[in-house]
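Peer 1: Just dropping this structure here.
Each reported figure results from applying straightforward, stated rules to the coordinates on display, with no laboratory input. All values reported here derive from a predicted model rather than from experimental measurement. Here the Cβ is made from the backbone with ideal geometry for all residues, glycine too, and neighbour counts use every protein chain on show.
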Amino acid sequence: MTGRIRKAWAQLDVAVEEVVRLNALIKRLEDDKEAPAPGFIASFQRDLDLEKAKANGKAEILAIIMPAPLTTPEEISREAGRRWQAKQQGIKYETPGIRLVAATVMDDIDGDPVWT
């Protein structure tokens, strides 16, 4: 079951990577001496807004199932930032509580015949 939790966090990691990438791209375009065509930056801004919304949704779901102190989307987002920083530094990092969630929350599904 740990695989599901890790997969959920990995999906958030991908969203964070995309948010960081788009933020950097927009900043470079805005700082460029030659202004891009009108609407060019706006299209990337829309993509950025969509990725932020995806990341927030993933954070909201993870906040439901993760143990304290990761019980709000804001706390999940901060943890996602720590995960991103660790990855940038080449540090192996595991989010606290992943194993606990796998053992307690995800495994509490019994074989109720209604669901089989």
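Peer 1: Suppose the chain between Gln11 and Asp49 were pulled fully straight at 0.36 nm per residue; how much longer would it get relative to their current alpha carbon spacing?
Peer 2: My answer for the length gained is 12.0 nm.
Peer 1: Something else about it: With +1 assigned to the C-beta of every Lys and Arg and -1 to the C-beta of every Asp and Glu, and no other charges, what is the dipole magnitude of the stretch 2-115 about the Cα centre in debye, to the nearest 20?
Peer 2: The calculated dipole for the stretch 2-115 is roughly 380 debye.
Peer 1: A further question on this structure: Find how much the distance from Leu25 to Glu75 grows on full extension, using 0.36 nm per residue of separation minus their present alpha carbon separation; answer in nm with one decimal.
Peer 2: Here the segment from Leu25 to Glu75 would lengthen by 15.4 nm.
Peer 1: Please give the calculated 222 nm ellipticity per residue for the chain, where each DSSP H segment of at least 4 residues contributes -39500 (n - 2.57) and the sum is spread over every residue; nearest 500 deg cm²/dmol? Each step should come with its number before you reach the end.
Peer 2: Numbers: 4 runs with 79 residues, N = 116.
Helices in the chain give a 222 nm mean residue ellipticity of -23500 deg cm²/dmol.
Peer 1: If I take every Cα pair under 8 Å that is 6 or more residues apart in the stretch 2-115, average their sequence separation and divide by the length, what percent do I get for the relative contact order?
Peer 2: 30 percent
Peer 1: While we're on this one: Can you give the FRET efficiency for Arg82 and Ala37, using 1/(1 + (r/R0)^6), R0 = 41 Å, r = Cβ-Cβ distance, to the nearest 0.05?
Peer 2: 0.65
Peer 1: Return the ratio Rg/(2.2 N^0.38 Å) for the stretch 2-115, where Rg is computed over Cα atoms only.
Peer 2: Values: Rg = 17.8 Å, N = 114, 2.2 N^0.38 = 13.3 Å.
Normalised Cα radius of gyration, the stretch 2-115: 1.34.
Peer 1: What does a probe at Arg4 reach in the stretch 67-96, counting residues whose amide N is under 18 Å from the point 7 Å along Cα→Cβ?
Peer 2: Only 67 pass the distance filter.
Peer 1: Which one of Glu34, Glu79, Glu94 has the biggest mean-square fluctuation once the chain is modelled by GNM with Cα springs under 10 Å?
Peer 2: Fluctuation is largest for Glu34.
Peer 1: Under 28 Å between alpha carbons, and skipping anything fewer than 8 positions from Lys58 in its own chain: which lysines qualify?
Peer 2: Lys58 reaches Lys7, Lys27, Lys87, Lys92.
Peer 1: Taking the chain as a Gaussian network, Cα atoms linked when under 10 Å apart, which of Gln11, Gln88, Gln45 shows the biggest mean-square fluctuation?
Peer 2: Gln88
Peer 1: Still on this structure, I have one more. For Lys52, Lys92, Lys7, which order do you get if you count the other beta carbons within 10 Å of each Cβ and list the fewest first?
Peer 2: Least to most surrounded, the residues fall as Lys92, Lys7, Lys52.
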